[in-house]
Amino acid sequence: MTSLGGVEMVDWNLAVATATRLVKPGPEVSRDEAREAVAELRRHAAASEEHVRGFTRLSPADGAGDTPVLVVDRPGWIRANVAGFRELLSPLLGKMQERRAGGPGGAVLGVVGGKVTGVEVGMLLSFMASRVLGQYETFAPPTPDLPGTPGAGGGRLLLVAPNVVHVERELDVDPHDFRLWVCLHEETHRTQFSAVPWLRDHIEAEIHSFLGETDMDPSTLLERLREAVQSLAGGGKPWTAGTEKEEAEADGEGRSFVELVQTPAQREVLGRLTAVMSLLEGHADYVMDGVGPQVVPSVAEIREKFQKRRAAGAGRLDQALRRLLGLDAKLRQYRDGERFVRAVVNEVGMEGFNKVWTSPNTLPTKGEIAKPADWVARVHRKTD
């Protein structure tokens, strides 16, 4: 645990407690309904393996095919993600401790910062915990209550049962079809990482490179988190179209939290991370819709309703938070990545597309995500 003067820079236990206390309750279900939803998600997750592997023609590497599937509630998702953040941010917090422990910023954070930052991180997580349907958790170490794949960084597939039930009711779609559809997406992520052994280490190295370029003292980190929470509480400008939005972006408001803490030196790394995340998310969307017609009878209805929900959000506060946390960028990743995958598969087939998994050098650049033909030309040595 990274600390200053014996006080944690981020009180992760307080972050968990805060998020768990503030997270909205899930939908009302009977005990039998809850058990059935959990059991069906587990069945669909198991069935999705064969569907996804057959469609993508990707198979797990030796010893990588037994990643656990965990059906969790909202507090379970919070605990898993706090563990992941703690693991990823430890180098940054260690760097901040070494460089700033004796300065005024370090003194401020050493007195109250750990508690304050823990509360603010918890507030942000409480918002996210009611919206995530599923997640392939790549970096968190295994724990007794949240097991992971030994020797693979704790890789595990999380399905957030109350959120799945909430959305299927909100969309008024067939619950059995929707649950399988969600599992197809998340199983694709599990297949990506289990079939491509170098992928996890590559992404972790890029994240550490991004964090390594951060030149921020503890008081600045605390201030950035405070800005985020103030926006969450409605203290910032509403995100409106046209001139007001442009002015807000011009004077530094309206940016995502990722952008707020970004330095110019990090833009190149962030561009590569954006490209690989667009690939992974777009590939999962392409697979879930490609497999869907064979096993999900109402896939067209689900996709249409889900796309409208994904684009609209739940209101102005929700839109502000999505922008603050960079979720609008994630929505673009789904769209742009799926377009890239579809274009490449149409051009060179699934086997040709799968050359993307050969090495980090065959991953698309951010520019190639927007222009798939450039990736085909580079990797397949083709010209127009």
Study note, to complete from the structure: Flagged pairs (Cβ under 7 angstrom, 6 or more apart or on separate chains; first in segment 295-309, within 9 Å of F178 (Cβ to Cβ); second not hydrophobic (A, V, I, L, M, F, W, C)) are V296/D177; S298/D174; S298/D177; I302/D177
Revision key, fill the gap. Of the listed residues (E281, E301, E268), the one being of a type in the set (D, E, K, R), modelled with pLDDT of 65 or more, assigned to a helix (DSSP H, G or I) and in contact with a helix residue (DSSP H, G or I) (Cβ under 6 Å, 6 or more places away or on another chain) is E281
Point to revise | Meets criteria (under 17 Å from E186 (Cα atoms), at pLDDT below 90 and polar (S, T, N, Q)) for T138 | key: yes
Point to revise | Any hit, segment 311-319, residues being in contact with a helix residue (DSSP H, G or I) (Cβ under 7 Å, 6 or more places away or on another chain), modelled with pLDDT under 90, farther than 21 Å from Q192 by Cβ and among the basic types (K, R) | key: no
Exercise for review: Report yes if some residue within segment 176-184 is more than 14 Å from A39 (Cα to Cα) and touching a strand residue (DSSP E or B) at 6+ places or on another chain (Cβ under 7 Å); otherwise report no.
Suggested key: yes
Study note, to complete from the structure: Taking segment 346-382 and keeping residues buried (at least 17 other Cβ atoms within 10 Å of the Cβ) and either touching a Gly at 6+ places or on another chain (Cβ under 7 Å) or among the β-branched types (V, I, T) (or both) leaves V348, V356, I369, V376, V379
Study note, to complete from the structure: Among F210, F178, F193, the single one that is at pLDDT 95 or above, outside any loop (DSSP other than H, G, I, E, B) and either at negative phi or among the aromatic types (F, W, Y) (or both) is F178
Practice item. Out of the residues in segment 5-35 that are within 22 Å of V71 (Cα to Cα) and of a type in the set (D, E, K, R), state the one that is modelled with the lowest pLDDT. Key: K24
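The values are calculated or read from the model by the stated rules, or taken from the named source; none is laboratory data. Just so you know, these numbers come straight off a predicted model, no measurement behind them. FYI the Cβ positions are ideal-geometry reconstructions off the backbone, even for glycines, and counts take in every protein chain you see.
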